[in-house]
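Engineer: The structure's right below; bear with me while I get my questions together.
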Amino acid sequence: MKFKLYKSDGSGAGETEITEFPSLEEGKGVDALRQCILAVRANKRQGNASTKTRDQVSGSGKKIYRQKGLGTGRAGDKRAIQRTGGGVAFGPKPRSYNQKVNGKVRKLALTRAIFDQATEGSISLIEEWSVATPKTKEFAGLLNTVGLSRKTLIIGDTIDTNLALASRNLPKVKISSALDVSAIDVVGADHVFCSVKGIKALIGKL
């Protein structure tokens, strides 16, 4: 598959072909990608919502009114679930929402995500990520030269300190090494900007 290639300074260098880029059949990996995204979002839930049942609410257990004769209905104690300040029936309790996803499913989901981005033309390559100083202005200028202003995922084989510091103040830019990138990172980006070594390391991971 062919991709746009840029030099380290952001100037265009034509196109390059990655022969070992993976390909998938129509529809394969879609369910795996959905499962991975749901699992990531579920694992971020704290699961600390809690309510009190009627036996945990403080207050007297005395019957409020007598059973008959007052026209008030059969009222129990003030901790009953139908009364304001009473207990909650079948309310939430602290629990874990964690979901486990197998390694093969995660690889298939990542492959599907990368293949879809490549098919849409949303993946570009750069010869090498090199920033002389850890300045946000310098790195933002490089992205502007390339013409990227949307949500961008930066992938490299390794991430040096200057690049990490220069990109951390850009809200629409996320940076990741090829070994740490996940399917939800790829799906959440409008454009994936990857170094040549990074794309090869990412393909080797798959």
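Nothing in this text is a laboratory measurement; each read-out follows from the coordinates by a stated rule. Because the structure is predicted, anything quoted here is derived from the model rather than measured. Backbone-built Cβ (ideal geometry, glycine too); neighbour counts: all protein chains shown.
Engineer: When you check Gly73 against the structure, is it loosely packed, with under 11 Cβ neighbours inside 10 Å and either of a type in the set (A, V, I, L, M, F, W, C) or free of Cβ contacts under 8 Å to residues at least 24 places away in the same chain (or both), yes or no? Walk me through how you get there before you give the answer.
Structural biologist: Working: loosely packed, with under 11 Cβ neighbours inside 10 Å: yes; either of a type in the set (A, V, I, L, M, F, W, C) or free of Cβ contacts under 8 Å to residues at least 24 places away in the same chain (or both): yes.
Yes: the conditions hold for Gly73.
Engineer: On the given criteria, is Thr53 free of Cβ contacts under 8 Å to residues at least 40 places away in the same chain, assigned to a loop (DSSP other than H, G, I, E, B) and exposed (fewer than 13 other Cβ atoms within 10 Å of the Cβ)?
Structural biologist: Values: free of Cβ contacts under 8 Å to residues at least 40 places away in the same chain: yes; assigned to a loop (DSSP other than H, G, I, E, B): yes; exposed (fewer than 13 other Cβ atoms within 10 Å of the Cβ): no.
No: the conditions fail for Thr53.
Engineer: Return yes or no: is Leu33 touching a Lys or Arg at 6+ places or on another chain (Cβ under 9 Å), surrounded by 10 or more Cβ atoms within 10 Å (Cβ to Cβ) and outside any loop (DSSP other than H, G, I, E, B)?
Structural biologist: Details: touching a Lys or Arg at 6+ places or on another chain (Cβ under 9 Å): yes; surrounded by 10 or more Cβ atoms within 10 Å (Cβ to Cβ): yes; outside any loop (DSSP other than H, G, I, E, B): yes.
So Leu33 passes the test.
Engineer: Right, something else. Condition first: touching a strand residue (DSSP E or B) at 6+ places or on another chain (Cβ under 9 Å) and surrounded by 15 or more Cβ atoms within 10 Å (Cβ to Cβ). Now tell me which residues in region 14-30 satisfy that. Break it down into steps so the answer makes sense when it comes.
Structural biologist: First, the residues of region 14-30 that are touching a strand residue (DSSP E or B) at 6+ places or on another chain (Cβ under 9 Å): 14-18, 21.
If the condition is that a residue be touching a strand residue (DSSP E or B) at 6+ places or on another chain (Cβ under 9 Å) and surrounded by 15 or more Cβ atoms within 10 Å (Cβ to Cβ), then Ile18, Phe21 are the ones that fit.
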